[in-house]
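I have placed the structure first, in the form of structure tokens, so that the comments after it can refer back to it.
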Amino acid sequence: MDFPKYSSVEDILEDVVALRPKGGSAYGYCSAMAYKLIAEDNSLTTIDTLFDKLDSVTEVLLFEKPTMATIHNAKILIVDDVRKLISESDIDNIKISMIKRANLFIERSAIALDRLGQFGGNLIQDGQVIMIHSFSRSLMSCFASAVESGKSFEVICTESQPTKESRWAIDQFVAWGIRVSFVIDAGMAMIISEADWCLTGADSISYVGDVANKIGTYQLALLSQVFNKPFYVASEIMKLQTQTMEGYPIYLERRPDDEILDLQQFGDEIDTIDVRHQFFDLTPANCIRGIITERGMIPPVSIGNEWEKFRLSFND
């Protein structure tokens, strides 16, 4: 599950617009790499032109994927923190600081994925059936750890409409030789009884532990309660959406209507149709048994405290 090697900011933005990055961790990587490449650009010779470029790229990233906390946090930890040094540094030192922080962001993300995968792998036991929805690197890191440990298990994998991210997970499970049962999203209730527990990733987590993830996650969490199946979330701590600390809700992205319905076929009656193409939903913290992080299993309400620790350690 290596990240692509980018050589230009334009390539990164092209991938983001085309929804090619796989999961929230990948969008954080894309953001950090974009900031690093901008800092390495020798044509940006003044602080003003440097931050103009950084801000314009950030605007595109957040416009395309506003729900992704990793984009917001890459901006905070790399761009905003370095911006504070403007009054006491020259352009060269500003660029050096930015490159260092971008590299640190990428490194810390990789370490977090590996560590949380170990904790998630511990949760998976021989003979179990785990039901998942959508795709994330944190989610797959748990299974990778279990496979490395020689555990035998099966997976129920939902379709994850409309972009069907679960196909990426299926590709990996097939490569590992793991048996997979595939079900459409609307069929979750018909098969969840066969699962021992459920697991998803996260794209953003609020300060109180609510989780924004691919549409259908909340549905699976509710079914988990009905069928008495533990529901866990695997996520790096850096997926906390820091704006929720100030009272703002997590923005839940919607996709264009025509991706799921051709309104033109209805002619003059188009004004009577309201298409709700929701791309993410929000699962309340009280539906979640625990969040598997690089610091181990934590209750959802503890994510804010863990972010504060992460924030301090990032500046050490």
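The values are calculated or read from the model by the stated rules, or taken from the named source; none is laboratory data. Keep in mind that what you see is a predicted model, and the values were worked out from it rather than measured. As a convention, Cβ positions derive from the backbone with ideal geometry for all residues, glycine included, and neighbour counts pool all protein chains shown.
The table below lists the values:
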item	result
Some residue of the range 221-239 being within 19 Å of Leu61 (Cα to Cα) and surrounded by 14 or more Cβ atoms within 10 Å (Cβ to Cβ)	yes
So Ser141, is it in contact with a Ser or Thr (Cβ under 7 Å, 6 or more places away or on another chain) and touching a residue at least 40 places away in the same chain (Cβ under 8 Å)	no
Top-ranked residue of the range 288-300 - restricted to ones that are crowded, with 16+ Cβ neighbours inside 10 Å and out of contact with any Phe, Trp or Tyr (no Cβ under 9 Å at 6 or more places or on another chain), ranked as farthest from Val208 (Cα to Cα)	Ile298
Search result, residues across the range 62-82 that are of a type in the set (A, V, I, L, M, F, W, C) and more than 14 Å from the chain's Cα centre (by Cα)	Phe63, Ile76, Leu77, Ile78, Val79, Val82
Number of the exception - Glu165 against (1) at pLDDT 95 or above; (2) within 23 Å of Leu123 (Cβ to Cβ)	(1)
Residues of the range 222-268 classified as touching a His at 6+ places or on another chain (Cβ under 9 Å) and of a type in the set (S, T, N, Q), total	3
Some residue of the range 96-105 being of a type in the set (Gly, Ala, Ser), surrounded by 16 or more Cβ atoms within 10 Å (Cβ to Cβ) and farther than 26 Å from Val17 by Cβ	yes
Residue check for Ser136: at pLDDT below 95, crowded, with 16+ Cβ neighbours inside 10 Å and on the phi > 0 side of the Ramachandran plot	no
Filter result for the condition that a residue is modelled with pLDDT under 95, of a type in the set (A, V, I, L, M, F, W, C) and in contact with a Ser or Thr (Cβ under 8 Å, 6 or more places away or on another chain), over Leu61, Leu85	Leu85
